[in-house]
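Enquirer: Sending over a structure as structure tokens; questions will come in a sec.
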């Protein structure tokens, strides 16, 4: 059975919710799935004052975990059009895996959240995908088989490069049904791709 890791960083819970939807899609497609988060780098006192979501149930990942999966789906909120520093710091520690080619040929994918509709979703996805390509991974996006991303009836996230959600400037908007469906679809595609390659 193909093993999928959904690896994320979520400040306020939006990316966490998307991570769970991706995991649902991957499990429905027949993969074994773990959801892990990267360590918080902000001092706890600062995080509490800023109302970070500190009660997330996913265990904290280690870099050594990564090579034990057939597919890794990486999610992080955007910071000025790129991935958050917490995820970047985690991936920056994977030089040993890169040097050994430990992730070559594995399946990779990205997802994100932004405050606004034009807040850098695609550039953030590419900042994640760039890392995955350097690791030698095969990238799975969110094709237009998820037709919800084409709707004009409401503001909605989603891009051919990965699942996305829009949180709103104050963080009050939660992932919509269309955005969650996109995340589940991407998880399904990642799992199906990993199963085809690894069995």
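Enquirer: Filter region 62-85 down to residues that are closer than 12 Å to residue 36 by Cα and out of contact with any strand residue (DSSP E or B) (no Cβ under 7 Å at 6 or more places or on another chain) and give me whichever is surrounded by the fewest Cβ atoms within 10 Å (Cβ to Cβ).
Expert: Top of the filtered list is 62.
Enquirer: Please specify each residue of region 160-174 satisfying the condition of being within 21 Å of residue 50 (Cβ to Cβ) and either buried (at least 17 other Cβ atoms within 10 Å of the Cβ) or touching a strand residue (DSSP E or B) at 6+ places or on another chain (Cβ under 7 Å) (or both).
Expert: Going through region 160-174, the residues within 21 Å of residue 50 (Cβ to Cβ) turn out to be 165-174.
Those that are within 21 Å of residue 50 (Cβ to Cβ) and either buried (at least 17 other Cβ atoms within 10 Å of the Cβ) or touching a strand residue (DSSP E or B) at 6+ places or on another chain (Cβ under 7 Å) (or both): 165, 166, 167, 173.
A quick yes/no check of all residues on (1) assigned to a helix (DSSP H, G or I); (2) farther than 16 Å from residue 137 by Cβ; (3) free of Cβ contacts under 8 Å to residues at least 12 places away in the same chain:
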| residue | (1), (2), (3) |
| --- | --- |
| 5 | no, no, no |
| 15 | yes, yes, no |
| 27 | yes, yes, no |
| 36 | no, yes, no |
| 55 | no, yes, yes |
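Enquirer: Keeping to region 137-159, report how many residues are within 14 Å of the chain's Cα centre (by Cα) and surrounded by fewer than 21 Cβ atoms within 10 Å (Cβ to Cβ).
Expert: 3
Enquirer: How do the pairs read when you match residues in region 77-94 that are on the phi > 0 side of the Ramachandran plot with residues anywhere that are crowded, with 18+ Cβ neighbours inside 10 Å and assigned to a loop (DSSP other than H, G, I, E, B), using Cβ under 6 Å and keeping only pairs 6 or more apart or on different chains?
Expert: 81/120
Enquirer: Evaluate the following for residue 11: is it surrounded by 15 or more Cβ atoms within 10 Å (Cβ to Cβ), in a loop (DSSP other than H, G, I, E, B) and touching a strand residue (DSSP E or B) at 6+ places or on another chain (Cβ under 7 Å)?
Expert: Numbers: surrounded by 15 or more Cβ atoms within 10 Å (Cβ to Cβ): yes; in a loop (DSSP other than H, G, I, E, B): yes; touching a strand residue (DSSP E or B) at 6+ places or on another chain (Cβ under 7 Å): yes.
Here the answer is yes, as residue 11 does meet what is asked.
Enquirer: Got a sec? Which of 123, 130 is in contact with a strand residue (DSSP E or B) (Cβ under 9 Å, 6 or more places away or on another chain), surrounded by fewer than 20 Cβ atoms within 10 Å (Cβ to Cβ) and within 24 Å of residue 41 (Cβ to Cβ)? Steps first, answer last, please.
Expert: Numbers: 130 fails: in contact with a strand residue (DSSP E or B) (Cβ under 9 Å, 6 or more places away or on another chain).
Every option except 123 fails the conditions.
Enquirer: Moving on. Quick check, is residue 19 without any contact (Cβ under 8 Å) to a residue 24 or more places away in the chain and not in a strand (DSSP E or B)? First the steps, then the outcome.
Expert: On the way: without any contact (Cβ under 8 Å) to a residue 24 or more places away in the chain: no; not in a strand (DSSP E or B): yes.
Against the criterion (without any contact (Cβ under 8 Å) to a residue 24 or more places away in the chain and not in a strand (DSSP E or B)), residue 19 does not qualify.
Enquirer: Moving on to the next point. Under the condition of being in contact (Cβ under 8 Å) with a residue 40 or more places away in the chain and in a loop (DSSP other than H, G, I, E, B), which residue from region 174-199 is farthest from the chain's Cα centre (by Cα)?
Expert: Residue satisfying both the conditions and the ranking: 199.
Just so you know, all these numbers are worked out from the coordinates, no wet-lab data involved. All values derive from a computational prediction rather than experimental measurement. Virtual Cβ from ideal backbone geometry, glycine too; neighbours counted across all protein chains shown.
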